Amino acid sequence: MKKKFLIKVLIVFGTSVWRDDGLMVSTRHKLCKCQASKIDKDAILQMVNEEEIQEKREVGTTLNEEIEEFGTLVKFRAPRSGERLDLAVWRHFCAEEKEYSRSYWADIISRGKVRVNGQIQSRKANNVESDDIIEVQLDKMQDSPAVKPEAINLNIIYEDDDIIVLNKPAGMVTHPAPGHPNGTLANALAYHCADADIFTQASTDARPGLVHRLDKGTTGVIVATKTLRAQARLTDAFRNRQVEKIYLAVCAGGAHLIWSDDDALAQSRVIETHIARHPTKRDRMAIVSAPEDGGPPTARYAKSTLRPLATDSKRSVLQVQIHTGRTHQIRVHLAHLRMPVLADDLYGDPTYNRIAAKPPFLARRPLLHAWTLSFAHPTTNERLTFTAPPPDDMARAIRLISGMMDNN
């Protein structure tokens, strides 16, 4: 297939802030058509110009995805019958992590912080049945590891007295969690913003100032707050879907969605599903039916808008706006459409991933980048949009797919 370029993209050089009143098409329909135009090749080249790439750290593998509201109540279904309660909880949170043992979760159970089907359970040896609803109440001040200030370099896009906006590198976990007690973005913020109100008043909180998160393997724009007032307002903005979040994704395949039979220009596609924890593979999420249609009670509505930018018939570049913030949302949606994120070990295509790990792509983490983030400033109410240029691996993939770099 001849290489083609679609959708005029708003290009931002370096790190910028601008006002915006509708970068993406918004619709309530399952599928929407929008006016498209061939993209300027120079624009894509400038988007991925090496001089504009600010993030050059080593990449790692992915851990956990997307932007979600921070809650202290975690609810999930027991995957099997006859399993001890402490083992079921341990498997759900950290089956492969060593810092939080079964004895840790047994202590949580003994303190009456776990319910099964609505009933408090204090005996760790109680067995659960398949599809039992388990609820774990996590107290951030006691059950999360306290964040410790660490002198870690930060790529700061913008900072004032209320907020700090950063370009997160691949390989960095957003906040302390089982298996990652330090070296996180929260540790770096606690050091950089040591005098900020939120860090002096919430010193035992594992997530001070954080109002959303990105996966370990995902790069790009993330915002944190420096005052309790700013945190409350931005938390409400995320909860009420008043924050615009746009990603760049490099996918395996995808040409079947980008081109029509008559070689017409691409359509923007809106995908709406429900997402919940996979019933047996606890490290991943899955597309499920809504609770009212027989799906699990933990299923949550998820909506994404996809806009194709380029394809070489084997791989594609997409712009993705997420209207909700579910765990692994983009990765689950794209895998569901048979175009998984390239180099995604959890949801991706093993054959594509093996090829992508070798030259010329050299992709060793999911090629997903939080490109822009737009929200009202929590104090001034001014609408601001922040952008982060794609890192090296993402820029290289975009050039290869768009024909701006030799594939040999």
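None of the figures in this text is laboratory data; all of them are computed from the coordinates on show. These numbers come from a predicted model, not from an experiment.
In the structure displayed, which of Lys216/Lys303; Lys75/Lys281; Lys113/Lys303; Lys124/Lys148; Lys113/Lys148 lie more than 24 Å apart, Cα to Cα? Before the final figure, lay out each step's value.
Numbers: Lys216/Lys303 22 Å; Lys75/Lys281 16 Å; Lys113/Lys303 32 Å; Lys124/Lys148 31 Å; Lys113/Lys148 26 Å.
Cα-Cα > 24 Å for Lys113/Lys303; Lys124/Lys148; Lys113/Lys148; rest within.
With 0.36 nm allotted per residue and the present C-alpha distance subtracted, the Lys314-Ala237 stretch has 23.9 nm of extension available.
Put simply, the amide H of Leu342, placed in the peptide plane, has neighbours under 5 Å in Val250, Cys251, Ala252, Leu367, leaving out anything fewer than 5 places away on its chain.
Just subtract the alpha-carbon distance of Leu228 and His278 from 0.36 nm times their residue separation and send over the number in nm, one decimal. Don't jump to the answer; show the numbers that get you there.
Details: separation 50, 0.36 × 50 = 18.00 nm, distance 3.49 nm.
Taking 0.36 nm per residue and subtracting the Cα distance, the gain is 14.5 nm.
With no solvent and one equal point scatterer per Cα, compute the Debye intensity ratio I(q)/I(0) for the range 155-253 at 0.16, 0.17, 0.23 Å⁻¹ and report its log10, rounded to two decimals. The computed values of log10 I(q)/I(0) come out as -0.68, -0.77, -1.33.
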